[in-house]
Every structure is written in C-alpha cells, then in structure tokens.
Amino acid sequence: DMLSNDRVQQAAMSDEAPVLVRPLRKDVESVGTARVLATQCPPVGDNDVRLRIEKTIVPSDLLLNPSADAIEQPVLEVVAEVLSVGSAVTDLSAGDRVCGFVPADLASHMVCDRSKLFVTVISPNADALALVTTMGVQVRIQRAIDALDLAAGDTALIDAAESGVAAAEAFIRLGLKVAVLVDINSDEASELAARFEVYSRCPEGVF
C-alpha cells in the first residue's frame with residue numbers, strides 16, 4: 001500500500017499547514033495555495049437545498065481537463081445528506097441521502113439552488129465510494145447510447161477495460177447484445193466469456 005510507505009508523511013491540511021497546489025496545465029504559471037477555512041453557510045432560500053458532503057472523488061479533472069476553463073460551472077460527483085430544504089423544494093427532505101452531480105465548490109457543506117443539483121435519493125445502505133467512482137462513467141455510457149441511437153437487439157463492440165465492462169453491463173440492461181474485445185489467452189477472457197461474447201483483441205495472423 002503506497003500510503004503506508006515510510007516516505008509518505010500523513011498530514012491534515014489546515015490554515016497553519018496549507019497545501020501548495022502545483023499548476024498542471026502548460027499555460028498556467030501558478031495556481032496558488034489551498035487552505036482549509038471555516039466559513040458560514042449562506043441561509044437556505046425558498047428554492048435552496050443544504051447538503052453535507054459525505055463522499056466525493058479527487059477533483060483532478062478541474063486541473064487536468066483543458067475544457068474545464070470553458071465550462072461555466074464545473075460539477076463533482078458526490079454522495080451527500082440533505083440537512084434542510086427551502087419551502088419551494090418538494091422532491092427532497094431533510095435526512096434524505098442523495099447521490100449525483102453538484103457545483104464544484106469544494107466544501108464540506110453547501111447551499112445550492114435545487115435546479116443546479118443533479119441528484120437522486122438513494123438507500124441509506126448504498127455504498128458511497130462505489131457510487132462516486134462509477135457515476136461519471138455511467139453518465140458517459142448513457143450519452144454514448146443516446147448519440148449512437150442504439151436500440152434493443154443491436155450489438156455493441158467494446159474493449160474489456162474497466163469502463164468498457166461497466167458499459168457492457170449498462171448495454172445489457174437496455175436489451176443490447178455485447179461483444180467484448182479481450183486478450184483471448186488471459187484469465188480475464190474466461191471470466192468475461194461467462195457473461196459476454198468475446199473476441200480476441202489481436203486475432204491470429206494479424207502480425
């Protein structure tokens with residue numbers, strides 16, 4: 001485990017011990033310093049929802065994705081608890097556990113207009129880590145299905161990468177047939193063959 005390595009120093013970020021944020025884009029000279037600051041949440045308006053963020057994933061896309069500059073409001077995948085709602089919010093209630101996409105304000109608590117929260121109520125027992133780490137993949141899968149105009153009975157050819165297997169599961173739920181490209185001599189091939197039609201990534205005689 002990398003985090004148990006003696007060379008890794010565990011430290012909580014605080015205002016006394018800030019974390020320097022290094023620029024990752026070539027055209028950026030400096031990003032600045034990240035600090036943990038205590039601040040008051042704004043009051044909850046009629047159309048607002050107050051959330052306590054339970055789980056999210058590292059927001060590296062905000063630094064690594066060149067298109068982020070062109071996005072008016074980046075979002076993050078979260079699992080959160082609804083703490084309170086405004087009088088005009090009827091589909092969420094205090095105590096609900098939700099997952100989905102919220103504006104990326106990088107805080108432990110947030111107050112946001114309901115129209116800017118793309119969330120749904122989930123079970124109290126749902127695995128938060130599993131949800132936040134696969135949510136983005138599932139959205140991209142659905143966008144691909146919509147863009148390709150796939151219908152029940154069609155066959156999708158995918159690669160056996162982790163995101164590809166996730167796509168295969170989604171395709172099958174929608175009634176699509178799935179063919180998976182895989183290293184035919186690998187242990188993975190026999191496991192996937194139990195669920196999907198498999199083809200070799202590199203058929204004999206190609207090279």
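Taken together, the values in this text are just the output of simple stated rules run on the coordinates, not laboratory data. From a predicted model like this one, the values you see are computed outputs, not experimental measurements. Neighbour counts run over all protein chains shown; Cβ positions are idealised from the backbone, glycine included.
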Hull shadow area, averaged, the range 40-147 [alpha-carbon convex hull, nm²]: 7.7
Amide H contacts under 5 Å for Ala179, placed H, 5+ residues apart: Ala156, Leu157, Ile158
Could you list Glu81, Glu72 in order of exposure, starting from the residue whose Cβ has the fewest other Cβ atoms within 10 Å? Glu72, Glu81
